[in-house]
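To start, the structure under review is shown below, and the notes come after it.
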Amino acid sequence: MKHTSFFPMTSSFPFSPTRNYGLPSCMVSNHASDGCSFGQPSFPKNKKSRELNIVSVATDLPMVVQSPLWKEVAQEQKLAAWTSIRQERWEGELCVNGEIPQWLNGTYLRNGPGLWHIGDYNFRHLFDGYATLVGLHFQNGHLMMGHRQIESDAYKAARKSNKLCYREFSEVPKHDNFLAYIGDLANLFSGASLTDNANTGVVQLGDGRVVCLTETIKGSIVIDPSNLDTLGKFEYSDSLGGLVHSAHPIVTQSEFLTLLPDLLNPGYLVARMEPGTNERKVIGRVDCRGGPSPGWVHSFPVTEHYVIVPEMPLRYCAQNLLRAEPTPLYKFEWHPESKAFMHVMCKASGKLVASVEVPLFVTFHFINAYEETDEDGRVIGVIADCCEHNADTTILDNLRLQNLRSWSGEDVLPDARVGRFKIPFDGSSNGELVEALNPDEHGRGMDMCSINPDYLGKKYRYAYACGAQRPCNFPNTLTKIDLEKKKAKNWYDEGAVPSEPFFVPRPGATKEDDGVVISMISDKNGEGYALILDASTFEEIARAKFPYGLPYGLHGCWVPKC
């Protein structure tokens, strides 16, 4: 099989040209089997790549060769954010308007659900789609883009059979008979029927491996960041078991921290994994203080010395998991009577240092946390910030694809804020939940945050998020939050849907906001582009048009040039 070449980091990006993927022929490079050239950079020979056939600059919309699973719906043509990816893979150089900083060398990877159709069947929820991985490779002011599907067992089975074969977020396979239904239930309890569709996040471990993740433990898949190849499952070598974990572990160069909800004996295991291993080791356990089951833990925060375990009254529900048709809360159930709690565990000892009741809350994403100290330097509490939806669970059902695609212009996005938890270490039984700044600063919309990674677990000033320009039905701005001045700067393109703003610090920077913010935008015309903002001024410095609009993505990571 021949391969085209893509990311010139440690290897090439091998896309098969045995089919013509509809790449535009404008500015096709002269090339040989040892690489290609565009502008200044030249790509060295790599034993993993073969003859280079096409390198393109995406200035015109290419002829699209549709994925066998893709079905275009006429009324959705200008809603690329919520429409299945047009083809399984694409790669090419993008024309840049503006100037990309010369220091920005590496690859931004973004993961997310990108395929919501199987034959004539339409998935119902944003979170159901099969994972589409997008890569933006920056080198010496140039930008190349590629995307491809993550080859999970769920995706490959759907391709082969042209139907749903695993349980997704809201979708359940249709059974031919009662015996097949009973068999599926048995597989559910063993985890065999749960999806491995790793469509939520992507992280680079301390040892360099890059893993795409979702909330099922089996949905941990290793990919090659240089070519987006699916390399295989990330298999944990321990015996901790379990079916689900936090979709957002805390990952640094020195450790990997995760939460494992215990659905049988309600609680959470806090586990650590060292770089270069696949073995999780338990730091400690937190027993739930309320409710019939653990609260949903899509994410959680840490400080330098502590892990904060949230216990949200939106709790896992076994009965809903068994249903063939989704409820408005899907696999969860709202239990306000069970109350809400925040627990703080010492990383070193595994002991709880605080467990406090807090006001009811709903959050998908924590932003950051840090320790408060007194004048003598003693830790007296913890501050934990999150994107909080005012304890309103309707945000979950709001993400049905039908709702996103059929917006009539009314303001239907539920309000959200930067919710700040104050957790004291003085033995108090209650903590606080307050607004970190006036939500009107960011249009009362707030989600998909990133920060300068050097400030993880430390006192910080800036966060980058998706906010709202009302009226809207989904976050539609990029927002820089200044928690010191309690102000926000907002970027807005009418009719566009921006994905997570991801902060990349400038090498050697001393200021917290010295860097760039990268986002991928689906615009109102059904097209899309990569956007680069100066993180300090929050002004656009460059954009690069995609060959066609891409589906909305969720979370990303930065892989520096080696």
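The values are calculated or read from the model by the stated rules, or taken from the named source; none is laboratory data. Just so we're clear, the structure is a prediction, and the values are computed from it rather than from any experiment. So basically every Cβ, Gly included, is an ideal-geometry build from the backbone, and we count neighbours across all protein chains shown. Each accessible area value is taken on the protein alone, full model and side chains, heavy atoms only, with ligands, DNA and RNA left out. Shrake-Rupley method; radii C 1.70, N 1.55, O 1.52, S 1.80 Å.
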The correct count of residues that are in a loop (DSSP other than H, G, I, E, B), in contact (Cβ under 8 Å) with a residue 40 or more places away in the chain and either polar (S, T, N, Q) or open to solvent by less than 80 Å² (accessible area, probe 1.4 Å) (or both) in region 348-380 is 6
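For a quick check of your reading: which strands (runs of 3 or more DSSP E) sit entirely within region 387-452 and have at least 1 residues that are of a type in the set (A, V, I, L, M, F, W, C) and in contact with a helix residue (DSSP H, G or I) (Cβ under 8 Å, 6 or more places away or on another chain)? Full working, then the answer.
Numbers: elements: 417-424, 432-435, 447-450.
Answer list for region 387-452: 417-424.
Taking the conditions exactly as written (surrounded by fewer than 23 Cβ atoms within 10 Å (Cβ to Cβ) and either under 24 Å from the mean Cα position of the chain (by Cα) or in a strand (DSSP E or B) (or both)), does PRO310 satisfy them or not? Break it down into steps so the answer makes sense when it comes.
On the way: surrounded by fewer than 23 Cβ atoms within 10 Å (Cβ to Cβ): no; either under 24 Å from the mean Cα position of the chain (by Cα) or in a strand (DSSP E or B) (or both): yes.
Answer is no for this residue.
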Does LEU437 satisfy the condition of being farther than 30 Å from SER406 by Cα and among the aliphatic types (A, V, I, L, M)? yes
What do you reckon, is ASN227 surrounded by fewer than 21 Cβ atoms within 10 Å (Cβ to Cβ) and assigned to a loop (DSSP other than H, G, I, E, B)? no
Which numbered condition SER519 fails, given (1) in a strand (DSSP E or B); (2) among the small types (Gly, Ala, Ser); (3) out of contact with any Ser or Thr (no Cβ under 6 Å at 6 or more places or on another chain): (3)
Under the condition of being within 19 Å of LEU269 (Cα to Cα) and of a type in the set (Gly, Ala, Ser), which residue from region 230-250 is surrounded by the most Cβ atoms within 10 Å (Cβ to Cβ)? ALA247
Of the criteria (1) at pLDDT below 95; (2) surrounded by fewer than 19 Cβ atoms within 10 Å (Cβ to Cβ); (3) acidic (Asp, Glu), which one GLU540 fails: (1)
Open to solvent by 40 Å² or more (accessible area, probe 1.4 Å), modelled with pLDDT of 95 or more, touching a strand residue (DSSP E or B) at 6+ places or on another chain (Cβ under 6 Å) and of a type in the set (D, E, K, R): does that describe ARG280? no
Tell me which residues, restricted to region 291-307, are crowded, with 17+ Cβ neighbours inside 10 Å and not in a strand (DSSP E or B). GLY291, SER293, PRO294, TRP296, VAL297, HIS298, SER299, PHE300, PRO301, THR303
Checked region 488-513 for anything closer than 11 Å to PHE538 by Cβ and either part of a loop (DSSP other than H, G, I, E, B) or open to solvent by 50 Å² or more (accessible area, probe 1.4 Å) (or both); matches are LYS489, ASN490, PRO501, ASP513
Suppose we filter region 108-148 for residues that are open to solvent by 10 Å² or more (accessible area, probe 1.4 Å) and either touching a helix residue (DSSP H, G or I) at 6+ places or on another chain (Cβ under 7 Å) or among the aromatic types (Phe, Trp, Tyr) (or both); how many remain? 3
I'd like the full set of residues that are surrounded by 18 or more Cβ atoms within 10 Å (Cβ to Cβ) and charged (D, E, K, R), limited to region 329-346. LYS331, GLU333
Could you tell me whether any residue of region 495-518 is farther than 30 Å from HIS305 by Cα and charged (D, E, K, R)? no
Listed residues TYR455, TYR460; which is open to solvent by 30 Å² or more (accessible area, probe 1.4 Å) and modelled with pLDDT of 95 or more? TYR455
Among the residues that make up region 527-534, is at least one of them surrounded by fewer than 20 Cβ atoms within 10 Å (Cβ to Cβ) and in contact with an Asp or Glu (Cβ under 9 Å, 6 or more places away or on another chain)? yes
Looking only at region 253-274, count every residue that is under 23 Å from the mean Cα position of the chain (by Cα) and either at pLDDT below 95 or exposed (fewer than 14 other Cβ atoms within 10 Å of the Cβ) (or both) and tell me the total. 3
